[in-house]
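The values are calculated or read from the model by the stated rules, or taken from the named source; none is laboratory data. This is a predicted model, so every value here is computed, not measured. For neighbour counting, all protein chains shown are included, and Cβ atoms are generated from backbone atoms with ideal geometry for every residue, glycine included. The accessibility values were calculated without ligands, DNA or RNA, using every heavy atom of the protein model including side chains. Shrake-Rupley method; radii C 1.70, N 1.55, O 1.52, S 1.80 Å.
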Amino acid sequence: MPGKKISPHPAIAQLQCNSLANLVQTEIERMILAGDLPSGAKLTESTLADQLGVSRGPVREAFRMLEEAGLVRTEKNRGVFVRDVPIDEALQIFEVRAAMDLYVGRKLAQSLGATQVKELRQLVDAMEQAVKAENAQDYHRFNLKFHDRLLELAGNDKLLATYRKLVNELSLFRRQNLTSESMAIYSREHRQIVKAIAAGDAEAAGQAMFQHVMNSRDRTLRNYEQKLAEAAAASAAASRQTVSA
């Protein structure tokens, strides 16, 4: 006689569901940050559940966590979409980050020890190796880790949580900024940040971190304006071809 299937205790079942939702959330986040799920894309529970080999429950919970992280938005009667951050909002986020980093740079210059500075230097070394290899993916990964570690070392959990949410919202803009030229510039700026922190120069460290973010803001705006100009030129060319035809 076959044994009776035993259902897990409700508490265990909930734990399993939560753990699975975290894994699903991590994978969907990776797909968004990699550009596999572009800005504005609609996310469907059933499609992602089939793709990831899970039920729809963990996907639904993952959507909730992703919305809290600022990566997706829910529209009533329409569904869940990857956030499409307007350029004006992106520029404002850069400005908030710059103000936060000004404080963080000053604090770290007054508090970090040699071991922590060495850790930061190793991350900068890894980014410079990625620049030499023209590996934007590795550079992006180490860049995120470098900035996240700076915020961790500041020792303010509220600030760190706010920073991570802002970084998620800017993720697609920041990836578009990565060219061989910009990565080399960013690496020099990272080196300057660590140098100022190691020297214990609070004002220089704060200003270096502030200016680094504002440079990213300016580069984002230039890229956006260039794309608008290219789109307008393409539209004008298409109109001329239609008229001549």
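Assorted remarks:
- Whole-number accessible area per residue in Å² for the chain, which is evaluated in the context of all protein chains at 1.4 Å: 57
- Here is the tail figure for segment 66-150: Cα pairs spaced more than 22 Å apart come to 50 percent of all pairs.
- Taking each residue as 0.36 nm, the span from GLU119 to VAL96 lengthens on full extension beyond its C-alpha to C-alpha distance by 5.7 nm.
- Ratio of the Cα radius of gyration of segment 57-101 to 2.2 N^0.38 Å, where N counts its residues: 1.43
- Across the chain, the relative contact order, built from alpha-carbon pairs under 8 Å that are at least six residues apart, equals 23 percent.
- Hull shadow area, averaged, the chain [alpha-carbon convex hull, nm²]: 21.1
- Proximity of backbone amide H atoms, modeled 1.01 Å from N, is registered between LEU43 and VAL80, PHE81, VAL82 at under 5 Å, excluding neighbours fewer than 5 places apart on the same chain.
- Difference of contour (0.36 nm per residue) and Cα-Cα distance, GLU203 to GLU27: 59.4 nm
- Cα point-scatterer Debye curve for segment 164-245, base-10 log of I(q)/I(0) at q = 0.18 Å⁻¹: -0.86
- Compared with the alpha-carbon gap, the fully stretched path from SER239 to LYS42 is longer by 67.8 nm at 0.36 nm per residue.
- Taking other residues whose beta carbon is less than 12 angstrom from the beta carbon of LEU23, and scoring Lys, Arg as +1 and Asp, Glu as -1, yields -2.
- If R0 is taken as 41 Å, the Cβ-Cβ distance between GLN110 and ALA231 corresponds to a FRET efficiency of 0.30.
- Rounded percent of accessible protein surface that carbon and sulfur make up, the chain, 1.4 Å probe: 52
- Anisotropy class assigned to segment 136-203 is oblate, per the alpha carbon gyration tensor with a/c at or over the 1.5 cut-off and a/b no larger than b/c.
- Placing a pseudo-label 7 Å from each Cα along the Cα-to-Cβ vector at SER180 and ARG73 gives an inter-label distance of 3.7 nm.
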